[in-house]
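Q: One structure coming up, written as structure tokens, with questions to follow.
Bear in mind these aren't lab numbers, they're just calculated from the coordinates by the rules spelled out. Because the structure is predicted, anything quoted here is derived from the model rather than measured. Please note: Cβ atoms are built from the backbone with ideal geometry, for glycine as well, and neighbour counts cover all protein chains shown.
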Amino acid sequence: MDSMTPRCLLPVLSVFLVQAAVTQAGLEYFVAEGGSDGDTGLTRSNGWATIQHAVDNITTGDTITVLEGTYDGFWINWSGASNAYNTVRAAPDANVIVNGLPPVSSIYHKNCFIVLDNQWPWPERPVGYWRVEGFEVSGAPSHGILAKGLPWLFLNDIEIRNNKVHDNFYDGIAVWFVDNAVIENNACYTNGYGAGRGEHGIYFGNSGDRPVIRGNHLYNNGGSGLHINADASIGGDGICSDVVIERNVIHNNGHIGGSGINLDGVDGGRVVNNLIYNEHASGISIFQGNGAVPSRNLLVAHNTVVLADNGRWVLNIPNAGSTSNRIHNNILFNLHPTHGSIVLGDTNVAGTISDHNVLMNGFSTDGDSTTIDLDSWHALGYDHHSIIVPPLSGFKDAASGDYRLNEKAPGVDDGIVLPEVSTDILGAPRSRGCGPDIGCYEWGVPGLLMIVTESKAEPLRPLGLARGVSDRGQARSSMPVSVPSAAAGI
């Protein structure tokens, strides 16, 4: 049999991905090193000098293109329109570095380099319909990129794409009190080591609803790769609803604590097609810390998760109130000598279904006080159709970061069809054989995963690391500042 032929020889349909353009065309302005804020900004040779001047002087629907160079940050405090987004972006193929504070003073900047904010100057005003794309943001004394609304006046429809955000004191990207955010194709690494707090690659929270967090590369952060904290303590309803978390590559986080994906106070949505490996705390945690409710009503499916030998539990659901979660078609491996695949805080988490996964033999129903075997786990109604194998079984080359399955590996064709998950992490259709494959990859799919590793998107080989990217050490130190923050999670 040809090695690229699905075992059951079912027809494969071609998939064409089309992105609809909904934004009204406006004018394009340029910012360039050596430019002048007294110029027109309308050509590359007549570019403005500062991004802040450009933000302050365009009109709704316009685009700011920043040419190669190093710039101070900027602060956005006015709104585009639903049919006329404002865009501030690095020029295609340009290396545009933002490594200084915005040239305006406000206590609300919180020492961040790129800020979207509706608080200052008074009066408060709506801010939405902005795209921030393609920048390298590093060395901020607080967060690299911050989008921050108010409990009574959210930001809306903010899109943060294709940025490289690293070595910032707290979070790489922080998005608080924002509805309809899109955080996509960013690389966030070595953030969150400031003051030993364990902050995150991406921190989304404070009651924002309907976020899409897709295609990001999150690694070597002190806390979580992705932390969602609805945080009822500082206003809003304390619930983040209808989340989409998909096609992210997350690894080597949690050195100070925090899961690859932390979900606190999340109600509804899907966590699918993520590759999470070499994590040093938990893999995916579904819980209540600061949120108004335990996380619930989630589909957790087609994820490949492998914890390091100092990790906690792969899937962690410590609250009995985390009800009605569906856990299907995941690979959940743990290299820790005594921890296992799934830990619950109670024997009865109402409405939770776990089945058709590839697991190792190790479970807990009392928050890790004791471990039970597969038979005891089955007696509780879980994972009757799942496959139990030793950790790392079936991968092509886990030692090199290749977490695709071998042709005859447990999990190939062994999943159940989920209408919500029609493609894999590469965008290839599920399924190519008798059934969908378990884990984030569909077997036998050639192709490249697009993520961000520089200031633009680069292809990521299926082995999980892009060209020239390796796990890095700790972030540099910076002066601590006082900012709102949640715990790093569990």
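Q: Could you order peptides 363-372, 277-286, 169-178 by the average number of other Cβ atoms within 10 Å of their residues, highest first?
A: Working: 363-372: 16.6, 277-286: 26.5, 169-178: 28.8.
Put in order of decreasing packing, that is 169-178, 277-286, 363-372.
Q: Kindly give Rg over Rh for the stretch 29-299, based on alpha-carbon atoms, with the Kirkwood expression for the hydrodynamic radius. Could you put the intermediate results ahead of the total?
A: Details: Rg = 17.7 Å, Rh = 18.3 Å.
Rounded to two decimals, Rg over Rh is 0.97.
Q: If I stretch the segment between N348 and E33 completely, what's the gain in nm (0.36 nm per residue apart, minus their alpha carbon distance), one decimal? Walk me through the intermediate numbers first.
A: Details: separation 315, 0.36 × 315 = 113.40 nm, distance 6.12 nm.
Separation in residues times 0.36 nm, less the Cα-Cα distance, equals 107.3 nm.
Q: Please compute the length gained on full extension between A399 and D242, using 0.36 nm multiplied by the number of residues separating them and subtracting their Cα-Cα distance. Walk me through the numbers before you get to the answer.
A: Values: separation 157, 0.36 × 157 = 56.52 nm, distance 3.54 nm.
Net length gain for the segment: 53.0 nm.
Q: Each label point is 7 Å from the Cα along the Cα-to-Cβ direction; what then is the distance between the points at L150 and T338, in nm?
A: Roughly 5.1 nm, to one decimal.
Q: Order 80-86, 298-304, 327-333, 221-227 from most to least packed using the mean count of other Cβ atoms within 10 Å.
A: Ranking, from highest mean packing down: 221-227, 327-333, 298-304, 80-86.
Q: Hey, fewest Cβ within 10 Å first, where do S324, S400 land in order? Could you put the intermediate results ahead of the total?
A: On the way: S324 14, S400 11.
Exposure proxy ranking, most exposed first: S400, S324.
Q: Tell me the net charge near V115. Cut-off is 14 Å between Cβ atoms, V115 excluded, with +1 for each Lys or Arg and -1 for each Asp or Glu.
A: Working: positive: K110, K148; negative: D56, D72, D117, D171.
Spelling it out: positives minus negatives among the neighbours equals -2.
Q: When the Cα centres of the stretch 264-308 and the stretch 186-209 are compared, how far apart do they sit, in Å?
A: If you average the Cα positions of each part, the centres end up 15 Å apart.
Q: When averaged across all projection directions, what area in nm² does the alpha-carbon convex hull of the stretch 212-364 cover? If you can, show how the numbers build up before the last one.
A: Details: hull surface 31.3 nm².
Computing the convex hull of the Cα atoms and averaging its projections yields 7.8 nm².
Q: In percent, how large is the relative contact order of the stretch 29-299, given Cα pairs closer than 8 Å and 6 or more residues apart? Mind dumping the intermediate values first?
A: Values: 974 pairs, mean separation 28.1, N = 271.
Worked out over the stretch 29-299, it gives 10 percent.
Q: What is the sum of charges, Lys and Arg at +1 and Asp and Glu at -1, for the other residues whose Cβ falls under 15 Å from the Cβ of V314?
A: Values: positive: R312; negative: E279, D309, D368, D383.
So the environment of V314 carries a net charge of -3.
Q: Starting from the Cα of V389, step 7 Å along the direction of its Cβ; do the same at A195; then give the gap between the two resulting points in nm.
A: 4.6 nm
Q: To continue, here is another question. Compare the peptides 230-237, 35-42, 160-167 by average per-residue count of other Cβ atoms within 10 angstrom and give them in order, highest first. Please list the in-between numbers first.
A: Working: 230-237: 19.1, 35-42: 15.6, 160-167: 25.1.
Result, highest mean first: 160-167, 230-237, 35-42.
Q: Using the count of nearby Cβ atoms within 10 Å as a rough guide to exposure, how do K148, K396, K110 rank from fewest to most? Write down the numbers at each step before the final one.
A: Working: K148 24, K396 17, K110 20.
Neighbour counts put them in this order, fewest first: K396, K110, K148.
Q: Report the gain in length on full extension from K408 to S233: 0.36 nm times residue separation, minus Cα-Cα distance, nm rounded to one decimal.
A: Numbers: separation 175, 0.36 × 175 = 63.00 nm, distance 5.00 nm.
Once the chain is fully extended between K408 and S233, it gains 58.0 nm.
Q: Using 1/(1 + (r/R0)^6) with R0 = 45 angstrom and r between the beta carbons of H378 and D72, what's the FRET efficiency to the nearest 0.05?
A: Working: r = 60 Å, r/R0 = 1.33.
Given R0 = 45 Å and the Cβ-Cβ separation, E is 0.15.
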